[in-house]
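I'd like to ask some things about the structure below.
The values are calculated or read from the model by the stated rules, or taken from the named source; none is laboratory data. From a predicted model like this one, the values you see are computed outputs, not experimental measurements. Every residue, glycine as well, gets a Cβ built from its backbone with ideal geometry; the counts of neighbours run over all protein chains shown. Please note that ligands, DNA and RNA were not included when accessible areas were found on the heavy atoms of the full protein model with its side chains. Shrake-Rupley method; radii C 1.70, N 1.55, O 1.52, S 1.80 Å.
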Amino acid sequence: LELRQGRSWNINLNILQQSFGLGTDKVGLVTGLGFEFNDYHFRNPLTLKVENGITMPDSSYLLNPDRNVTKTKLSMSHLTLPLLLEFQIPTSHDRHRVFISAGVIGGVRLGSHTKIEYEGANKGKDKVKNDYNLSSFRYGFTARVGYRNLKLFANYYPTPLFEEGKSQGPNVYPFSVGLI
C-alpha cells in the first residue's frame, strides 16, 4: 500500500473557530469545529477489501484484461475538534504578528470509500463505500507557525489508521504537512 505522495492530499476546513485570550493579547487558546478530508493515492494498482474481518490489499480486478487501472485511492472524512495554545509575537509592524501554536486534534470518522479508475474497453470507475476497519475515533498533535496570511502546519496522529489487529500488515500512523 505504498502511497503516491504527490497525489495524496489533506484538506482541513474549520467552520467554527473561537479564540480566548489568557490575560493578554499575545497568548491564548484556539478551538473550533471543522472537517478533515484525506485522499490516499496508491502507487501500485491496489485497493482494499475486508475478508474474514481483516482489511487487506486487493488486486483481483486486475484479472480483467479489458481494464487498464489508472488510479486507486482511499478517501476518508472526519469531524474534528482542535484545541491549540497560540503565541502571537509582535513584529516591527504593530498590526502584523508571527503566530506559533501547538495542541491536540480529536476526530470522529464520518465516512470512507475506495475508488478505482480504469481505461480500456470498459472505461469507468468503481467506488465502494466501506469502513475498512478504519479507526472510528482518533486524536493527534498539531503545530503551526505563520506570518500574516501564510502558515505552515504539521499534524501527526498516534492513533493507528486501522483498528488494532484488523488489518494485514504493519500499523500505519497518518501525518500531514502543508500550508494554511
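Sequence neighbours fewer than 8 away in the same chain don't count; with that in mind, list the lysines whose C-alpha is under 29 Å from Lys49.
The qualifying lysines are Lys71, Lys73, Lys115, Lys123, Lys125, Lys127, Lys129, Lys166.
Oh, and also: Can you tell me the FRET efficiency between His96 and Thr24 if r is taken as the Cβ-Cβ distance and R0 is 25 Å, rounded to the nearest 0.05?
0.90
Additional query: Which ³J(HN,Hα) values, rounded to whole Hz and listed in residue order, are derived for the stretch 17-33 from phi using the Karplus coefficients 6.51, -1.76 and 1.60 in 6.51 cos²θ - 1.76 cosθ + 1.60 with θ = phi - 60°, glycine and proline given as x?
Using θ = phi - 60°, the values come out as 9, 9, 10, 10, x, 9, x, 8, 8, 10, 9, x, 9, 10, 9, x, 9 Hz.
Taking the Cα atoms of the stretch 84-180, report the difference between the largest and smallest coordinate on each principal axis, in whole Å and largest first.
62, 37, 22
Then there's this: Leaving out ligands and nucleic acids, note down the accessible area per residue over the chain with a 1.4 angstrom probe, in whole Å².
Details: 10620 Å² over 180 residues.
Result: 59 Å² of accessible area for each residue.
Moving to a separate point now. For Leu48, what residues show an amide H to amide H distance below 5 Å, using hydrogens built from the backbone and excluding near sequence neighbours?
So Leu48 has HN proximity to Asp58.
How much accessible surface area, in Å² rounded to 10, belongs to the heavy atoms of Phe20 with a 1.4 Å probe?
Rounded to the nearest 10, the figure is 110 Å².
So what is the diffusion coefficient of the chain in µm² per second by Stokes-Einstein at 37 °C and 0.692 mPa s, using a Kirkwood Rh over Cα pairs? Kindly include the intermediate steps, with their values, before the conclusion.
Working: Rh = 18.4 Å.
In µm²/s, the coefficient rounds to 179.
Moving on. Ranking request for peptides 87-94, 101-108: highest mean number of other beta-carbon atoms within 10 Å first, then the rest in descending order. Can you show the working numbers first?
Working: 87-94: 10.4, 101-108: 16.9.
Ranking the peptides 87-94, 101-108 by packing returns 101-108, 87-94.
Based on the Cβ-Cβ distance from Lys151 to Tyr61, what FRET efficiency comes out when R0 is 45 Å, to the nearest 0.05?
Between Lys151 and Tyr61 the formula returns 0.65.
Using R₀ = 35 Å, calculate the FRET efficiency as 1/(1 + (r/R₀)^6) where r is the Cβ-Cβ separation of Gln168 and Ile11; round to 0.05.
So the FRET efficiency works out to roughly 0.75.
May I ask for the net charge around Arg138, where only other residues with Cβ less than 13 Å from the Cβ of Arg138 are counted and Lys, Arg are +1 while Asp, Glu are -1?
Every neighbour counted, the sum reads -2.
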